[in-house]
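Just below is one structure, and these are the notes that go with it.
The values are calculated or read from the model by the stated rules, or taken from the named source; none is laboratory data. All values derive from a computational prediction rather than experimental measurement. Don't worry about glycine lacking a Cβ; one is built from the backbone with ideal geometry, like all the others, and counts go over all protein chains shown. Only protein heavy atoms, including side chains, enter the accessible area calculation; ligands, DNA and RNA are left aside. Shrake-Rupley method; radii C 1.70, N 1.55, O 1.52, S 1.80 Å.
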Amino acid sequence: MLRRAAFGLGIAVLVAAALLVAHLLAGPPSLSVPAPSVELAGLTVVNPGEGRLPDRTLRVRDGRIDAIEEGAAPGASAAFSGAFALPGLIDLHVHHPPAIALGERELFSLLFLRHGVTTVRDVGSFGGGLDRQRRRVQEGQLAGPRLYACGPILDGDPPGWPGARVVLSADEARSAIADLAEDGSDCIKIYNSISFDAYLALHEEAHRRGLPLVMHLPDGVPFGMLDAVELQHLMGLSVLPGDDGERALRSYAKWSKARRITHTPTLVAFARGAQLEDYERLLRDPAAQLLPRHYRELLWNPEVNPLVHWLEPEGFEVLRPRYETMLQTVAELHRRQIPVMAGTDTMNPFVVPGASLQEELSHLVAAGFSLEEAWQVATSGAGRLLAVPGLGTLRPGAPADILIFREDPTLDLEALSTLEAVVADGRLYPRAVLDEAIERQRRYFDGPVYSTLYRAVARLLIAAVHAWDGG
């Protein structure tokens, strides 16, 4: 009898384990992807900085804008008549969840779309695998933004990012660029510990192959030695407000112009970091509720996850004056017509995919950009930086990335809340459909099976990364 009971218990455990694995592998319910063609009538077409075209029909064929016609074309849908059509937003600095977090990359994709972000650039993935996601989006198997990626981060020894490729010499630098080019990387990401000699070789080889350099400022590379790169987080700006703060800002801007530096400041990440002093208030942020609860309760919790303190080991309170200095710097860069780009640095604490880029627009406005200028930064300006013809604009032949608003958000950012539909690569997603899909995913991730298992795995990963960083 005991033997039979033990056998039965063993079978039950195996079945339960099989059901658990099947549940996790199946992932959350996916959103069906529509065809890449649509016709919409009665729209006011807005290309930020270029004026408005009222009562237009947008014809989209196979993911491209086929025509923009005056009046209502026969057969075109009038479902959004009277609304405003704008180019899709582009986030140039994101990080996706690790591949081991089954299904979460799909959730990120939906959140980007839900907030009007139709193109993203990943500048350092956890665990790779983004080529598969890119292919699935392109082939219409996954609802999500078009994806560009830098591939593995390049760093010195010891590396400051899990999974980074260590590059110690000029020969290793050239080999790394060759490998990334062969793998189809769209850009090269350089981190904090790259040596000066390795940087020079990376710069030469990347430019020879037409691959843009997206970088932190390594400790061994003087700011004045940069040339034709995209610098993240305004690195190199070391002077906080003081007697010579204004002079330092002017010098920083002067060198940026002379050295042809483009800046992606990710203001929202620093603003959110400064708010970590009031963690309980951040927990109530409606945007934060869109992500699974293990983000709020575990991954972003400074009392539970010591890795959060990487953001500022000296204490979150120092980020407030740093953020104010960054605003002043961005204002000076803008005044001197030095390119400033829009990026957010997801997955930093409370930097929510999609919602954070909308917030970044408000930070650019706080730094002196007009609303239309901020929109230009996050649409046509980003499209030019990515060197994709027509990306970030609404004109015939351009990629069909279109946002439909009931009110014009280039006149008032509050109108961002009136988003009614997103067209990504020609595929129409009504807002209600995206909201429903995100809610289904939320229930899956916060359900007992995924939540319990992921929290256990997340704690192990946090401990492992913390140990890797020296504890």
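Data overview
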| item | result |
| --- | --- |
| Looking only at region 36-51, and only at residues there that are touching a residue at least 40 places away in the same chain (Cβ under 8 Å) and either assigned to a strand (DSSP E or B) or β-branched (Val, Ile, Thr) (or both), the one that is surrounded by the fewest Cβ atoms within 10 Å (Cβ to Cβ) | 44 |
| Residue 351 being within 21 Å of residue 113 (Cβ to Cβ), in contact with a helix residue (DSSP H, G or I) (Cβ under 8 Å, 6 or more places away or on another chain) and either of a type in the set (Val, Ile, Thr) or open to solvent by 40 Å² or more (accessible area, probe 1.4 Å) (or both) | yes |
| Region 59-71 - residue that is at negative phi and not aliphatic (A, V, I, L, M) and, of those, least open to solvent (accessible area, probe 1.4 Å) | 59 |
| Criterion violated by residue 137 - all others in (1) under 23 Å from residue 236 (Cβ atoms); (2) at pLDDT 95 or above satisfied | (1) |
| Selection status of residue 435, acidic (Asp, Glu) and not in a helix (DSSP H, G or I) | no |
| Residue check for residue 395: surrounded by fewer than 22 Cβ atoms within 10 Å (Cβ to Cβ), within 16 Å of residue 234 (Cα to Cα) and charged (D, E, K, R) | no |
| Candidates 364, 386, 411, 394 - the one that is of a type outside the set (S, T, N, Q) and within 27 Å of residue 126 (Cα to Cα) | 386 |
| Test: residue in region 93-104 that is open to solvent by less than 40 Å² (accessible area, probe 1.4 Å), at pLDDT below 80, touching a Phe, Trp or Tyr at 6+ places or on another chain (Cβ under 6 Å) and closer than 27 Å to residue 290 by Cβ | no |
| Every residue from region 188-204 that is assigned to a helix (DSSP H, G or I), within 22 Å of residue 122 (Cα to Cα) and open to solvent by 20 Å² or more (accessible area, probe 1.4 Å) | 203 |
| Of all residues in region 295-314 being open to solvent by less than 20 Å² (accessible area, probe 1.4 Å) and not in a loop (DSSP other than H, G, I, E, B), the one that is modelled with the lowest pLDDT | 308 |
| Top-ranked residue of region 251-265 - restricted to ones that are outside any loop (DSSP other than H, G, I, E, B) and of a type in the set (Val, Ile, Thr), ranked as surrounded by the fewest Cβ atoms within 10 Å (Cβ to Cβ) | 262 |
| Condition check for residue 333: crowded, with 21+ Cβ neighbours inside 10 Å and under 14 Å from residue 92 (Cβ atoms) | no |
| Pair list, Cβ under 9 Å, 6 or more apart: region 165-190 residue over 17 Å from residue 216 (Cα atoms), other residue among the acidic types (Asp, Glu) and modelled with pLDDT under 95 | 183/131; 184/131 |
| Breaking point among (1) part of a helix (DSSP H, G or I); (2) within 21 Å of the chain's Cα centre (by Cα), for residue 456 | (2) |
| Residue 56 free of Cβ contacts under 8 Å to residues at least 40 places away in the same chain, surrounded by 15 or more Cβ atoms within 10 Å (Cβ to Cβ), part of a strand (DSSP E or B) and not aromatic (Phe, Trp, Tyr) | yes |
| Options 248, 287; residue that is open to solvent by 10 Å² or more (accessible area, probe 1.4 Å) and either acidic (Asp, Glu) or over 24 Å from the mean Cα position of the chain (by Cα) (or both) | 248 |
| Residue list for region 132-178, filter: in a strand (DSSP E or B), open to solvent by less than 30 Å² (accessible area, probe 1.4 Å) and among the aliphatic types (A, V, I, L, M) | 147, 149, 154 |
| Hits in region 379-388 - residues which are among the hydroxyl-bearing types (Ser, Thr, Tyr) and open to solvent by 10 Å² or more (accessible area, probe 1.4 Å) | 380 |
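Residue by residue, here is whether (1) closer than 20 Å to residue 94 by Cβ; (2) small (Gly, Ala, Ser); (3) under 20 Å from the mean Cα position of the chain (by Cα); (4) open to solvent by 10 Å² or more (accessible area, probe 1.4 Å) holds:
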{"position": "377", "(1), (2), (3), (4)": "yes, no, yes, yes"}
{"position": "390", "(1), (2), (3), (4)": "no, yes, no, yes"}
{"position": "400", "(1), (2), (3), (4)": "no, yes, yes, no"}
{"position": "412", "(1), (2), (3), (4)": "no, no, no, yes"}
{"position": "419", "(1), (2), (3), (4)": "yes, no, yes, no"}
{"position": "428", "(1), (2), (3), (4)": "no, no, no, yes"}
{"position": "443", "(1), (2), (3), (4)": "no, no, no, yes"}
